[in-house]
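A short write-up of the structure that comes next.
The values are calculated or read from the model by the stated rules, or taken from the named source; none is laboratory data. For clarity, every value in this text was computed on a predicted model and none was experimentally measured. Backbone-built Cβ (ideal geometry, glycine too); neighbour counts: all protein chains shown.
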């Protein structure tokens, strides 16, 4: 946030306009956003890490205050009730500084019953309907509100979240900067012969983050482990490091970065990594306002098929490889997704302004973004090539098996795979690559 808080003020003003619009569209007088509660562990007195309601988190970084609520009424200053119980067992964090600038009516409340009473009072004052957005369990007190997580309101709010404000982009930019610091440290740990656990520790140390503070569990995959798309084991065994695929990010005020890099000192596999960087940069260049993301995804398959041919892995033209399903054996996931308060952010598969942008099916069933890009969207571009045993075995039993140079495939299996992932913000006339901008700045800083 800027020193004069102007970006945050503008952000809250935008949210108020959006919520007024949403309440009018859905014929509501008010909406209550509930932070939620920590989940207890079965047969234990401990709890899982608390993850707040992202719709509440969008109003400001209230990441450590379960039980809090925000009450939004059309045309009024939103009322934030921050739950700050008196507790000698745990340290209760103070109300974040962002809320001290006067854009919300903020009250620290030590008694949960007082929060419920305040919500009931507001509900009683509303002549029309009131909605509740938040996680519900048998213990949740929705204070007599009967419109719980209504689909129409969530659809409108999710659509609004696809276009980030300047304050949100500031946070996403900062998250990329910190994430890249972690990636540079992880690269050095890999080059020093570190284990997966040691590489992950180097990443977290550089980001000054605990596991719970990371936006998602880091994927740190050495050698053939990179063939598992969401590999999570963090092996402690020390062995020759042929390659490293690391998919890890950082979060600032709840906004995530999601960055992947692949490294290897092997000349042949290193050349394939560099070719993937070039392919990925070309796809990023094509990410412009007005471009449908499905088209980028299909372009990625053609480009990857061409790269497979250049690497001697297939013996047919790119178009034939795509038609035969070969590219999907080596690149089985979608090209990317929206990014924001959630790593796979909302609104990516549906928009009222673009009815054809629906849930993907068939060959594109794993694609997480299907809509036309516009200014303010923040998304990932993450092509890859993998040597996944189960998919390769399936391919061996198909007619397309004759299009593969299996000796070349077997020679590269020990390296697992390659993925290169950047975070992009779409602008009015192009995009800003948040990830490569951070790498450029930090590489310059390190060499200075």
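Here are some notes:
- Test for residue 124: is it more than 18 Å from the chain's Cα centre (by Cα), outside any helix (DSSP H, G or I) and loosely packed, with under 14 Cβ neighbours inside 10 Å: no
- Condition check for residue 412: within 19 Å of residue 263 (Cα to Cα) and either free of Cβ contacts under 8 Å to residues at least 12 places away in the same chain or part of a helix (DSSP H, G or I) (or both): yes
- At least 2 residues being at pLDDT 95 or above is the threshold, and among the strands (runs of 3 or more DSSP E) wholly inside the range 1-117 those reaching it are 30-34, 69-73, 79-83.
- When residues of the range 240-258 are limited to those that are part of a loop (DSSP other than H, G, I, E, B) and in contact (Cβ under 8 Å) with a residue 24 or more places away in the chain, the one surrounded by the most Cβ atoms within 10 Å (Cβ to Cβ): 257
- Just one of the listed residues (300, 287) is closer than 15 Å to residue 381 by Cα, in a helix (DSSP H, G or I), in the same structural domain as residue 434 (by TED's automatic domain parsing) and touching a residue at least 60 places away in the same chain (Cβ under 8 Å), and it is 300.
- Residues of the range 137-157 satisfying the condition of being outside any loop (DSSP other than H, G, I, E, B) and out of contact with any helix residue (DSSP H, G or I) (no Cβ under 9 Å at 6 or more places or on another chain): 148, 151, 155
- As for the range 127-147, it holds no residue that is in contact with a strand residue (DSSP E or B) (Cβ under 6 Å, 6 or more places away or on another chain), within 30 Å of residue 262 (Cα to Cα), surrounded by 20 or more Cβ atoms within 10 Å (Cβ to Cβ) and modelled with pLDDT of 95 or more.
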